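Beneath this line is the structure, given in C-alpha cells, with notes to follow.
The values are calculated or read from the model by the stated rules, or taken from the named source; none is laboratory data. Note that this is a predicted model, so its numbers are computed, not measured. Positions of Cβ are generated from backbone atoms using ideal geometry, with glycine treated the same way; all protein chains shown enter the neighbour counts. Each accessible area value is taken on the protein alone, full model and side chains, heavy atoms only, with ligands, DNA and RNA left out. Shrake-Rupley method; radii C 1.70, N 1.55, O 1.52, S 1.80 Å.
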Amino acid sequence: MELIFALLKAFLVGGFICFVGQFLLDKTPLIPAKILVIYVVMGVFLGAIGIYKPILKFAGAGASVPLTGFGYLLCKGVKKAVEQEGFIGIFKGGFSICAVGVSAAIFCGLLVALIFQSRGR
Amino acid sequence: MKLKRGIFHFKTPICVSGFAAVAGQKESKGPLKDDVDVFLKGRFFGEKSFEKAESKMQQIAVIKAMQKANLTADEIDAIFAGDLLNQCIGTNYGLRELEIPFVGLYGACSTMAESILVASTFIETGLVKKTISVTSSHFCAAERQFRFPLEYGGQRKRTAQWTATAAGAVLLESGNKKKIYVKSGCLGKIIDFGVKDISNMGAAMAPAASDTIIRFLEETKTTCNDYDLILTGDLGRVGSDLLYELLDQKGVNIRAKHKDCGLLIYDRNDKDINSGGSGAGCSALVFCANILKQLEEGILKKVLFVATGALMSKRSNQQGESIPAVAHLIYLKGEEKWN
Amino acid sequence: MEKKEYLNLVKKISPKANIKKTFLCSFFIGGLICAFGEALRQFFLYFRFEEEDAGAMVSFVLIIITAILTGFGIFRKIANIAGAGTFVPITGFANAVVSPALEFKTEGFILGVAAKMFVIAGPVIVYGIFASIVYGAIFYFVKLIGG
C-alpha cells in the first residue's frame, strides 16, 4: 500500500513538472533546449533556497527524475563539497555528484553509435 | 524577349524532350506511386551516407531522363542543377561522373523552376541546344543539416513540412520536337515578410509566390482563367491558405486553378506530414512524375509552375534573422506544334 | 499587405498545437516515467543501496533504457506523442546525447560521434554546472563571513 502511494505521488508530481514543460513549449516561443536550461537552473535555484528538498522528500523519483532534479542534485553536491573541502569544493561538487549520469550517457552514446545505424525514413 | 524586369517570353521553341523522377520509400506509398520512374529502397540506397544517397538519386534521375530522350551524356551541352545541402554536395557528387558542362544553382526548394528557367534562357540565346535541369532533396540529409538528429525525440509542429526524398530531371532541347514547350518565365525576387518560425516555411514562402504570380499575370495581361493549372512548389496547407489571402487582397482568386506540390506528394492521412511536403525534391517529383506526363498526354494544356524556396540557413535562424523566400515561375504549354 | 498585418494573418491561419492532447500526453507519459523511476528507487532501497546511490542507479537504468530505445528508433516515436513528457525527465537528456552520437557516425568516431555528442545536451551541463559554481561560491562566502 505504501509503495502504491509512493508511486502515485511520483506520478503526479513528475507528471506535473513535465506538463509545465509542455505548457512552455506550446504556449511560449521557447524551444526545448531553452526550456531544459531553464529547468536545470531552476533546480539549482530552488535547491539553494531550500524549496526543492521537501518536494523531493514527498515525491521521490517524481522530483529527482525530471531535469529540475538534476539541478537540485548539482546544488546538493556543491553544498556538501564546500562544507567538506572549502573553496575547492565550489568547482568540485557539481561534476562529482552528477558523474554517474553523465558518464552513463557518454558510455551509452558511444556504445549505441558502435552497435546501431541511423535509420532512414 | 524581355517584357519587363525579370519576365521573359521565349521566341524560339524550347521543348521538354525527356523527364524522369526518382523517389524514396515514403514517397512510394503516396498518391504518385504509379507515376514515378525509379523507387529506391533501403536506408542509404546502397550508399554509405544520406548525402551520398541523395547524390545517387540525382544521378539516376539524369540518366533516366537521358534514356527517355535517347541521348547520352556527351550530347548534353549543359546541366543546371542544385540541391539543399551545404555547397550543393548532393549535386556536385551526383553529377561528378557524368562529365557534362555544369552550372551550379541554389534556389532552395525553388530549384526545379529556377534551373528550367535558366536553361531555357541559355537555349534562347542559341549558344546551347540540349540541357538538363535537375534537383533533389533527401529527408534525412536535410533534417540533420537544418534541424535535429533523426533519432532525437522532438515534437513536430502542425505547421511543419516534411522534406521529400526525391529527385527530378528535365531535359530541354531547342526545336520543334515534342509536345511540351517552355513559353515564358518570371524570375522571383527575394521577399521577406518577417516570418521567423523555421517550422512554418509555408508562411515564409507564400508572399514570394504571391509577388511572382501577380507580377506575371499583370505583365502578360492574363488572368487565372487563361491557365488550366497554377502549380505552386511546396507551400503546404498553411502556405496555400496564406497565398489565397494575399492574392484576394489583389483581387485575384486562384482557388479553382491552384494545386500545391506539397499537398499532392503524400497521403493526407499520414500524421508525420502535418502541413505538407517540402524540399527541392518535392516540386521536382510532382512536376516530373505527374504534371509533365499530363501535359504530354494532353490532359493539361497550359500550366504555370511556381516553385517556392525558403532561403535561410540554420545559422541565420540562430542569429535571429527572418526567413527570406523566392518564387520562380515558368509557363509551360502542351501543343502539337510550337507556334 | 503590411508585414505586421501579414504576421497576424500567419498567426491566425497556422494550426495550433492540440493542447488538450499534448498537455494530457506530457503529463501522463512524464508521470509514468517518474513512477517507473520511483519503483526502481524503491527496488534499490530495498536492496540496501544508500539513498544517494539509489538515485544514481535510477538515472543509470533510465539512461540505458533510453539509449536502447533510441538505437531501435522507438524513442523518437514515443517522444513525438509525449513531448515534454519525455524530454523533461532524464530520458530526454540521454536521448539528446545518444541521438547525435548515432547520427554523426557517418562523419567518423572522433569528429562525428564524439565531437557532436553534446551538441544538444551541452547547454544543460554548461548552465547546470555554472549555476552550481555560482551557488557554491555564494555558499562558501556566506559561510566564511557568517561562520
Practice task
Just the number, please: buried accessible area between A and C, total of both chains, 1.4 angstrom probe, nearest 100 square angstrom.
Solution key: 5700
Problem - Members of segment B:148-162 that become less accessible by 50 Å² or more once partner protein chains are added (1.4 angstrom probe, chain alone as reference) - result: B:Pro149, B:Leu150, B:Glu151, B:Tyr152, B:Gly153, B:Gln155, B:Arg158
Handout entry: Over chain B: helical MRE at 222 nm, DSSP H runs n ≥ 4 each giving -39500 (n - 2.57), nearest 500
Key = -9000 deg cm²/dmol
Exercise for the section: Considering Cα pairs under 8 angstrom that are at least six residues apart, work out the relative contact order of chain B and quote it in whole percent. Expected result: 25
Practice task
Quick one: grab the alpha carbon gyration tensor of segment B:2-174, order the square roots of its eigenvalues as a ≥ b ≥ c, and give me rounded if a/c is under 1.5, else prolate or oblate depending on whether a/b is larger than b/c.
Solution key: prolate
Practice task
If a/c stays under 1.5 just call it rounded; otherwise compare a/b with b/c (prolate if a/b is bigger, oblate if not). Do that for segment C:18-146, with a ≥ b ≥ c from the square roots of the Cα gyration tensor eigenvalues.
Solution key: oblate
Exercise for the section: May I have the convex hull volume per residue, in Å³, for the Cα set of chain B? Expected result: 123
Exercise for the section: Please identify, among C:Asn95, C:Asn80, C:Asn18, the residue showing maximal mean-square fluctuation in a Gaussian network model of chain C using a 10 angstrom Cα cutoff. Expected result: C:Asn18
Handout entry: Spatial separation of Cα centroids for segment C:1-32 and segment B:151-223, in angstrom
Key = 26
Problem - Portion, in percent, of the accessible area of segment C:18-146 that falls on carbon or sulfur, probe 1.4 Å - result: 74
Completion exercise
Under the helix-only model (-39500 (n - 2.57) for each DSSP H run of 4 or more, divided by the residues of chain A), the mean residue ellipticity at 222 nm, to 500 deg cm²/dmol, is -27000 deg cm²/dmol
Exercise for the section: May I ask you to derive the FRET efficiency for B:Val103 and B:Asp272 from their Cβ-Cβ distance with R0 = 51 Å, giving the value to the nearest 0.05? Expected result: 0.90
Practice task
Can you check what the net charge comes to around A:Leu74, using other residues whose Cβ is under 12 Å from the Cβ of A:Leu74 (Lys, Arg +1; Asp, Glu -1)?
Solution key: +4
Handout entry: Average accessible surface area per residue within the protein assembly as shown, 1.4 Å rolling probe, Å²
Key = 43
Completion exercise
Any GluC sites (Glu not before Pro) in segment C:1-62 that lie in a DSSP loop and have at most 14 other Cβ atoms within 10 Å would be C:Glu2, C:Glu50
Handout entry: Kyte-Doolittle at least -0.5, axis length at least 27 Å by Cα - qualifying DSSP helices, chain C
Key = C:19-46, C:51-71, C:122-146
Exercise for the section: Work out which helices of chain B, taken as complete DSSP H runs, extend at least 15 Å along their axis over the Cα atoms and score a mean Kyte-Doolittle of -0.5 or more, then list them. Expected result: B:50-68, B:111-125, B:201-220, B:236-249
Practice task
State the percentage of accessible surface on chain A attributable to carbon and sulfur atoms; use a 1.4 Å probe and exclude ligands, DNA and RNA.
Solution key: 75
Fill in the blank from the handout: Taking Lys and Arg as +1 and Asp and Glu as -1, residues besides B:Glu151 with C-beta under 12 Å from its C-beta add up to +4
Handout entry: Listed residues C:Phe130, B:Phe305 arranged by accessible area, highest first, probe 1.4 Å
Key = C:Phe130, B:Phe305
Exercise for the section: Give the shape of segment A:2-115 as rounded, prolate or oblate, defined through the alpha-carbon gyration tensor: a ≥ b ≥ c are the square roots of its eigenvalues, a/c under 1.5 means rounded, and otherwise the shape is prolate if a/b is larger than b/c and oblate if not. Expected result: rounded
Problem - Sequence of C:Ser99, A:Ser96 from largest to smallest accessible area, 1.4 Å probe - result: A:Ser96, C:Ser99
Completion exercise
Interface A-B: total buried accessible area (1.4 Å probe, Å², nearest 100) of 900
Fill in the blank from the handout: With B:Thr111 itself left out, Lys, Arg at +1 and Asp, Glu at -1 over residues whose Cβ is under 12 Å from its Cβ give -3
Exercise for the section: Within segment B:193-295, list the GluC sites (Glu not before Pro) lying in a DSSP loop whose Cβ has at most 11 other Cβ atoms in a 10 Å radius. Expected result: none
Completion exercise
Taking protein heavy atoms only, a 1.4 Å probe, and rounding to whole percent, the accessible area of segment B:2-174 owed to carbon and sulfur comes out at 51
Practice task
At a 1.4 Å probe radius, which order do B:Thr223, C:Thr22, A:Thr28 fall into by accessible area, largest first?
Solution key: B:Thr223, A:Thr28, C:Thr22
